[in-house]
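Right, I'll just put the structure down here and ask away after.
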Amino acid sequence: MTNGFPADSIAQAADWLRASAVTVCLTGAGISTESGIPDFRSRGGVWDRFDPKDFDIRRWLGSEEVRRRYWAMSREGYPRVMGAEPSKGHAALSRLAGSGRLSLLITQNTDGLHQKAGHDPDEVVEIHGTSHFCVCAACGERITRAEVQERVERGEEIPLCENCGGFLKPDAVFFGEDIAPERLERAVTGAESAEVFLVAGSSLAVRPAGALPERAVLSGARLIIVNESPTRLDGKAHAVLRGKTGDILPALVEAALA
Ligand code: NAD
């Protein structure tokens, strides 16, 4: 196990990437903070300003007050997500994939920035869904979040489905909701087939996504973690590269492709 961000750790991790026939990456909110989107658990992150309980699906569906608070927050926050540009970390992973050295990218993020950075959408599993669409909780009708944004900005405090009057919610997984089985299966199969499993910008606190690295290690993968603070699985990693994803990923990918 290696810790820190010395050049020899990068070089070692790059050697593993170069030798790997199947590399799978899991990203979290930490790869998008440099794009101006706050994560949940860092200081100043979402949980410092909002109550996580408001993102519990039963509470959200059961309380008009919670839905009103949610949409007031989301009306303010979505333009930042819509206008965000990919970070140097997103660009580095897109470059790795474009060179044929990344088999699958699993992201916990719902911001769409990997695809905006040029990543092939077919090679991205958005395990927690997307913020760029809304879905009706009653009939399943799906419309763009941009359309809903226009409506909330015009004064709708709690937007409803125009088909059936049901509650519109973002097509992203709330606490207490199941992950779409086909997405979870693709992520688990990817983790179990990986020779190298790379984590970038995740505390690995949220399951089941945060447990994918353990699956990968149990199946024989080398685990590389890139994060600026300690994660739940640092003790199981073969390399922990501590620092900003926007600094480390470009250096790692450059070295792996050299
Ligand atoms: P998290 O907030 O639990 O952890 C983020 C981690 O990234 C932290 O350990 C933090 O130290 C690290 N970090 C922050 N900025 C970094 C940087 N520039 N370089 C390196 N590390 C950095 O996020 P998570 O593990 O993804 O889990 C939280 C859940 O939040 C996920 O399910 C995700 O769906 C959701 N979320 C998504 C977004 C988004 O789409 N951008 C934003 C906030 C939360």
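Going by average Cβ density within 10 Å per residue, which order do the peptides 15-26, 198-209, 66-77 take, highest to lowest? Mind dumping the intermediate values first?
Values: 15-26: 19.1, 198-209: 21.8, 66-77: 16.1.
The densest-packed peptide leads the list: 198-209, 15-26, 66-77.
Before I look further, what does segment 153-200 give for accessible area per residue, probe 1.4 Å, in whole square angstrom?
Per residue, segment 153-200 has an accessible area of 52 Å².
Quick check: the distance between the Cα centres of segment 50-94 and segment 129-195, to the nearest angstrom?
11 Å
Would you tell me the accessible area of residue 40, worked out with a 1.4 angstrom probe on the heavy atoms of the protein chains, in Å² to the nearest 10?
Here the accessible area works out near 80 Å².
Still on this structure, please answer the following. Give me the dipole magnitude in Debye, nearest 20, for segment 24-113 about the Cα centre, with unit charges on the beta carbon: positive for Lys and Arg, negative for Asp and Glu.
I would put it at about 100 debye.
Of all accessible surface on the chain at a 1.4 Å probe, what whole percent is carbon and sulfur?
The computed percentage sits at 51.
Along the Cα→Cβ direction, 7 angstrom out, place labels at residue 207 and residue 163. What is the inter-label distance in nm?
Each label point lies 7 Å from its Cα, and together they span 3.4 nm.
Between residue 64 and residue 182, what is the FRET efficiency for a Förster distance of 41 Å, r being their Cβ-Cβ separation, to the nearest 0.05?
Values: r = 33 Å, r/R0 = 0.80.
Using R0 = 41 Å, I get an efficiency of 0.80.
Let me ask something else about it. Quickly rank 149-157, 179-187 as a protection proxy: mean count of other C-beta atoms within 10 Å, highest first.
Taking the mean over residues of other Cβ atoms within 10 Å, the ranking is 179-187, 149-157.
Still on this structure, please answer the following. Does anyone have the angle between helix 88-98 and the longest principal axis of the chain? Alpha-carbon axes, 0 to 90°, nearest 10?
70 degrees
Considering the alpha-carbon set of the chain alone, what are its Rg and its Dmax in angstrom?
Over the chain's Cα set, Rg and Dmax evaluate to 18.7, 59 Å.
Still on this model: Accessible area per residue, 1.4 Å probe, Å², for segment 19-127: what's the number?
That works out to 45 Å² per residue.
The values are calculated or read from the model by the stated rules, or taken from the named source; none is laboratory data. Just so it is clear, the model here is predicted, and its values are computed rather than measured. So basically every Cβ, Gly included, is an ideal-geometry build from the backbone, and we count neighbours across all protein chains shown. Ligands, DNA and RNA are stripped out before the accessible areas are found, and what is left, the full protein with its side chains, is counted by its heavy atoms. Shrake-Rupley method; radii C 1.70, N 1.55, O 1.52, S 1.80 Å.
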